[in-house]
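Data first, discussion second: the structure below is written as structure tokens.
What follows is calculated from the coordinates using simple rules that are stated; it is not laboratory data. Note that the structure is predicted; figures quoted are calculated from it, not measured. Please note: Cβ atoms are built from the backbone with ideal geometry, for glycine as well, and neighbour counts cover all protein chains shown.
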Amino acid sequence: MSVIRSGLNPSQHTASYYAATANNSKNRPALKGEHRADVCVIGGGYTGLSAALHLAEKGYSVILLEAEKIAWGASGRNGGHVGTGQRKDQEELEKLVGKERAKLLWNYSLEAVNTVEELIGKHSIDCDLKRGNLHVASKSSHSAGLRGEVGHMQDHYGYDQLRFIEKAELDTMVGSKQYHSGLLDNGSLHLHPLNYAQGLADAAENAGVTLCENSRVESYDQGKPTIIKTAEGTVTADFLVLGCNGYLGKLENKMAGKIMPINNFVLATEPLGAKLARELIRDDVSMSDSLFVINYWKLSADNRLIFGGGENYTSNFPSDLKQFVRKYMLRVYPQLANTKIDYAWGGTLAITLNRMPHFGRLQGNQFYAQGYSGHGVPTATMAGKLLAEVVSGTAERFDVMANVPTIGFPGGTLLRWPGLVAGMLYYGLLDKL
């Protein structure tokens, strides 16, 4: 169970509920001087940590460079949902890539969730792991799609963990009467995301990985081996793995046009007590709604409501995050109007235009994965596993992901922002109608 500790220094991590209940506040030194490794990994989130751990287990020497603290970005700030499937549903994927490849992608998604669970068990990661996600229909017109998804997944994929929930039953499961139906997935998980990431970091170190914090990469060359430079050191590596996602910045222009960084926001209430907590979410599952600008929520180990709602597309966060997210929470649970909000925070994730992850090669010894579009806990963990496979010479599964169509934003990094904002405002209006 998560315990409020002294908390991590806000200059090291954003001041969130997750930071306040982090298992440790370990500091790791910055890269200094010249170093040699088989693989250099850039980015200390799920992608980089999973890649580093899996590579080390294959016998590679690995140095990981993180610009801030381990899991400082989205990996330490997200909603903690570990869902099955890709960011698109299976029928959409069948149209995009064909039925055979869609089944491969589905199987990879199940493996992704299983990999998260296996890593937690193998390395004894204390991260409040729980099971189940309930996806609810915000509009009556959405119910047919949820019902159809159950039948499609049972008939064509043999997946028996989904159950359609009629409104009468749903009203006993959720302390909100506004939803029309639900889709319960007992194959999904949810967890404390920062403690999960810290557990991966500890496991990677135990496997021999060198983790360097406060080591922002300034440049790298196209050589074989590649020379990676920070302000105070260099790494010469046979392979380079980039796991920067929403914090890529201007490091690699060849990747930047395929993703758009957006900001999402989360709050944590005061402890609600077991009775009220179960009135809100009877079975302690994670929850999400069917709006385009999605709301998502769950209970913490100490019975707080952790609620994610609202986003923006600028470099700045709203000035009052508690009030910004609170209005979304109260649309779902107006009975919490007098409940104190103890924490509110934001973070940046990367979306792609079609919401599918973007995997690829920069050249023969440089690989990347990014653009998880809000589905990062399982997908990024799986990405690290596949990155380790391709570095070690087994490219088949990585190439399945790399060959998924990902469309660049029109106008590249220069024009992606106004185009995205126009699109999101349109879909946001549809959510309200």
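Listing for the model above:
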| read-out | value |
| --- | --- |
| The range 262-323: C-alpha gyration tensor shape, a/c 1.5 cut-off, then a/b vs b/c | oblate |
| Environment charge of Ala395, counting only residues whose C-beta is closer than 13 Å and scoring Lys/Arg +1, Asp/Glu -1 | -1 |
| The chain: angle of helix 99-122 to the longest principal axis, Cα-based, in degrees nearest 10 | 80 degrees |
| Separation of alpha-carbon centers, the range 10-77 and the range 138-170, rounded to whole Å | 39 Å |
| Mean Cα-pair separation over length for the chain, i.e. relative contact order, pairs under 8 Å, 6 or more apart, % | 23 percent |
| Prolate/oblate/rounded call for the range 136-272, Cα gyration tensor, a/c under 1.5 rounded | prolate |
| Across Lys58/Lys298; Lys224/Lys254; Lys88/Lys167; Lys177/Lys298; Lys130/Lys385, pairs whose alpha-carbon gap is larger than 28 Å | Lys58/Lys298 |
| The chain - charge dipole about Cα centre, Lys and Arg +1 at Cβ, Asp and Glu -1, debye rounded to 20 | 840 debye |
| Angle in degrees between helix 193-206 and the longest Cα principal axis of the chain, rounded to the nearest 10 | 30 degrees |
| Gyration tensor verdict on the chain (Cα atoms; rounded if a/c is under 1.5, prolate if a/b is larger than b/c, oblate otherwise) | prolate |
| By average C-beta atoms within 10 angstrom, highest first, the peptides 165-172, 38-45 | 38-45, 165-172 |
| Within-14-Å neighbourhood charge of Gln363 [Cβ basis; K, R +1; D, E -1] | 0 |
| Cα-based helix-to-principal-axis angle, 143-157 vs the chain, degrees rounded to 10 | 50 degrees |
| Dipole magnitude (debye, nearest 20) for the range 271-348, charges at Cβ of Lys, Arg, Asp, Glu | 200 debye |
| Among 221-227, 57-63, the order from most to least packed when residues are scored by Cβ within 10 Å on average | 57-63, 221-227 |
